[in-house]
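Every number in this text was worked out from the coordinates using simple rules, so none of it is lab data. The shown structure was predicted, so the numbers you read here are calculated from the model rather than taken from an experiment. In this analysis, Cβ positions are derived from the backbone assuming ideal geometry, glycine residues included, and neighbour counts consider all displayed protein chains.
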Amino acid sequence: MATFDFVPYRFGCFSFQSYADLRAMNTVGKMVTTDSDCATLDKGWFSQLKADDRTILQQVKREVGTLTGDALAHKVYRESPYFAIKSEIAERILTRDEQALVDLQCPLEIAPAWFTLGYEGRNLDAYLDAMVQRNITHLVDVRKNAVSMKQPGVALVPCRRFKLLNKLTC
């Protein structure tokens, strides 16, 4: 089953790919999205899913379906503290002990060094997450064309959006 990769971001985990997919579905009229919500226009979509996928979605709905805002972020941060390392709200919604677990997830500060980090076989979110995990702060794209022929999503435009909160220079 295809899944999304996530990166630590302003309010927890974020997937540039899932966001792009939502925009695309909105563009072709399959979904309506607002700043705070999204809704499908295709009412028969759930029955078209494989049985296993329906079961997974029902389980997710049972676990987090009633949570919103800070309560949802708090659950995610407690269960996956790594995704709170870049959060703007973690210190406000976590206890000191929970924040200490987040602090343990932060990449180590190391002396400046050169890294090479290929993107083959990774989507943009996995690539950016690898940079966060290694505390890579500067990206130099040495390709002749700064767009992947195999993976059009691997380009510097999303990277520039990501850099603002992750101290990344593109």
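How about K75: which aspartates and glutamates have a C-alpha closer than 17 Å to its C-alpha, ignoring those fewer than 8 places off in the same chain?
Reachable aspartates and glutamates: E63, E88, E91, D97, E98, D103.
Go through 106-113, 124-131, 38-45 and give me the packing order, highest mean Cβ count within 10 Å leading.
Values: 106-113: 8.2, 124-131: 21.2, 38-45: 9.9.
Per-residue Cβ counts within 10 Å, averaged per peptide and sorted highest first, yield 124-131, 38-45, 106-113.
Pairs of alpha-carbon atoms within less than 8 angstrom and 6+ residues apart define the contacts here; what relative contact order does region 1-148 have, in percent? The partial results should precede the final answer.
Details: 120 pairs, mean separation 45.8, N = 148.
Normalised by residue count, the contact order of region 1-148 is 31 percent.
Evaluate E = 1/(1 + (r/R0)^6) for R96 and S18, where r is the Cβ-Cβ distance and R0 equals 22 Å; express this FRET efficiency to the nearest 0.05.
Values: r = 32 Å, r/R0 = 1.45.
Using R0 = 22 Å, I get an efficiency of 0.10.
Where nothing but the Cβ of Lys and Arg (+1) and of Asp and Glu (-1) is charged, how large is the charge dipole of region 104-144 around its Cα centre, in debye to the nearest 20?
Working: 4 positive and 5 negative charges, 33 e Å.
Charge dipole of region 104-144: 160 debye, to the nearest 20.
Among L117, V60, Q105, which residue has its Cα positioned farthest towards the positive end of the charge dipole of region 37-122, with +1 placed on the Cβ of Lys and Arg, -1 on the Cβ of Asp and Glu, and the dipole taken about the Cα centre?
V60
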